[in-house]
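Below: one structure, written as structure tokens.
The values are calculated or read from the model by the stated rules, or taken from the named source; none is laboratory data. Since the model is a prediction, treat every value here as computed from it, not as a measurement. Every residue, glycine among them, receives a Cβ derived from its backbone with ideal geometry; neighbour counts consider all protein chains shown.
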Ligand SMILES: Nc1ncnc2c1ncn2[C@@H]1O[C@H](COP(=O)(O)OP(=O)(O)OP(=O)(O)O)[C@@H](O)[C@H]1O
Ligand SMILES: [Mg+2]
């Protein structure tokens, strides 16, 4: 049920500006792949092209091929809505729905699609998802309060709960722990470990230790220069990337000598 | 800062007074501005009653004197920056009072002139067979409510849909043309809207047509651009991140608009619509042309003349009858009712935006 992703020769554009160039990478099913790299090198952009969120931005487009379990993601026949139902996403900036309560935010994936939920079933999903996102104890007494009344880190965890509530087969996480304290970070990493049993997970992170802790594969992105497109420098088993990277710039980035 | 503190450890007693000296600066006690104001008022009163200056002149001199005193005293005691702050506050207050003066005096006029006319009979009777005393606005009140309700019924769906199209779907030539046309519509003089409605209805009903529905069409022409504009502005305020959050959950665009975007913006949209209604409810010229003027009650907007409050005010003022006092009084009474309706609509708009806007607090 988890899906593997095969990217080949992918170029990603914002209008005429090529943000990411020539990416070829296989992403294995039921494993965690981490993207690392300096700010602005196109990690988020690449991540968003994996569930067709990139094209939501006016003028944005991609060239190249992405295969999900062998099927072309950008085939004209493919319905992006259906794609996003199966490939969930946690955004870099938390974005809970301000008109909805905490509980409604968690089950927004079902509610917005008018899927009928029994009350007990909904409560179960709310509690389960919030527990896995390590938010339950903090909000269990105020589930009917607005989602935007939470702190930044709580909102981030709420968005994680919302994304896993719909049980996507692939989960794309864009710096999910950037606003979290070490305790919540550990909880989210535990969640990632648990999810990878069934799902494919791609995570963007600026935290090297986190990449080393959670991922099986690591991909390093870098900028060729100012105003130049970002590129995938190398990818491979995390242990190898962190101990004996092939590329000099990877080594430099990981050991903190630049970026 | 921290490095200097770390490298050369200063004796604590020496550093602290210096530091606090910079944080604390002399400040006028709170009562001083009030005392100065009271003094200026006293001087103004004296100039008016004892020296015999005109009222307006005395007020202006006292107010300017207050400013001079306050800025001088503040400059001496508190320093230049605070004095400038006081001057700016004084300027803003002056502007505020000047802006409020016309509104206050208008309300005073309308209430003091209109209140004597208001009674049960005034609200419950029409002008049928009334020449002098008596009569009322029953027919005009209903006419205004019916015509405005019909106008709202037509404008809200069209305006809302257009606004949604422009923000959520429109890009390219079509949207630019619509925006342009809406801008043009915003500038249409209301009398032209009335003539347009008349010309339109002449096509179907022949020369001399008069009906309430025609008035509603004319008001729609004026109201649609207002609704489009406010809808557009409010939808633009909805952050794209919310739309993306919804898309990422596999929610189609139309559902996202209905269930995420509109609920987030609904308070502002309803407020805008209410204010648009308040704007057109007082229109006179187009209704004079197409709804006409009558003394009798007419509940059917598709048949014959229909009186409305603005037209009622106009006709009572123009032909007050004999003796004229009663007509003039009725005009003021109707003006008061119309003003109350408009203010109620504005109040409702505020309540709506208060209760419907997304809450961040518990
Ligand atoms: N909506 C957009 N329109 C145009 N250009 C964009 C847009 N979003 C990102 N870019 C550009 O694309 C490039 C890659 O941006 P991206 O957000 O993918 O970087 P990132 O690797 O995620 O950085 P960070 O680590 O800071 O999140 C940058 O040069 C950025 O300026
Ligand atoms: Mg990013």
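Of the residues making up the range A:142-153, those that are within 26 Å of residue A:54 (Cα to Cα) and either touching a helix residue (DSSP H, G or I) at 6+ places or on another chain (Cβ under 8 Å) or assigned to a loop (DSSP other than H, G, I, E, B) (or both) are A:147, A:148, A:153.
What about residue B:276, is it surrounded by 18 or more Cβ atoms within 10 Å (Cβ to Cβ) and in contact (Cβ under 8 Å) with a residue 24 or more places away in the chain?
It is true that residue B:276 is surrounded by 18 or more Cβ atoms within 10 Å (Cβ to Cβ) and in contact (Cβ under 8 Å) with a residue 24 or more places away in the chain.
Here residue B:73 meets each of (1) over 29 Å from the mean Cα position of the chain (by Cα); (2) closer than 30 Å to residue B:341 by Cα with one exception, condition (2).
Residue A:142 satisfies every condition listed in (1) within 14 Å of another protein chain (Cβ to nearest Cβ); (2) under 21 Å from residue B:242 (Cβ atoms) except (2). Residues that are away from every other protein chain (no Cβ under 14 Å), free of Cβ contacts under 8 Å to residues at least 40 places away in the same chain and in a loop (DSSP other than H, G, I, E, B) were ranked within the range A:159-193; the one that is surrounded by the most Cβ atoms within 10 Å (Cβ to Cβ) is A:177.
Here residue A:21 does not qualify as at pLDDT below 95 and either within 11 Å of another protein chain (Cβ to nearest Cβ) or more than 16 Å from ligand 1 (Cβ to nearest atom) (or both).
I'd like the full set of residues that are more than 16 Å from ligand 2 (Cβ to nearest atom) and either farther than 12 Å from residue A:159 by Cα or at the interface with another protein chain (Cβ under 7 Å from one of its Cβ atoms) (or both), limited to the range A:89-104.
First, pick out the residues of the range A:89-104 that are more than 16 Å from ligand 2 (Cβ to nearest atom): A:96-104.
Answer for the range A:89-104, where residues must be more than 16 Å from ligand 2 (Cβ to nearest atom) and either farther than 12 Å from residue A:159 by Cα or at the interface with another protein chain (Cβ under 7 Å from one of its Cβ atoms) (or both): A:97, A:98, A:99, A:100, A:101.
Counting only helices (runs of 4 or more DSSP H) that fall entirely inside the range B:154-268 and contain at least 2 residues that are closer than 27 Å to residue A:174 by Cα and within 12 Å of chain A (Cβ to nearest Cβ), the qualifying elements are B:240-248, B:253-256.
Residue A:156 passes every criterion in (1) within 15 Å of ligand 2 (Cβ to nearest atom); (2) surrounded by 21 or more Cβ atoms within 10 Å (Cβ to Cβ); (3) more than 25 Å from residue A:112 (Cα to Cα) apart from (3). Filtering the range A:222-259 to residues that are in contact (Cβ under 8 Å) with a residue 40 or more places away in the chain and closer than 18 Å to residue A:28 by Cα leaves A:232, A:235, A:238.
Filter the range A:34-86 down to residues that are out of contact with any strand residue (DSSP E or B) (no Cβ under 8 Å at 6 or more places or on another chain) and near ligand 1 (Cβ under 10 Å from one of its atoms), then give me how many there are. Total satisfying the criteria: 3.
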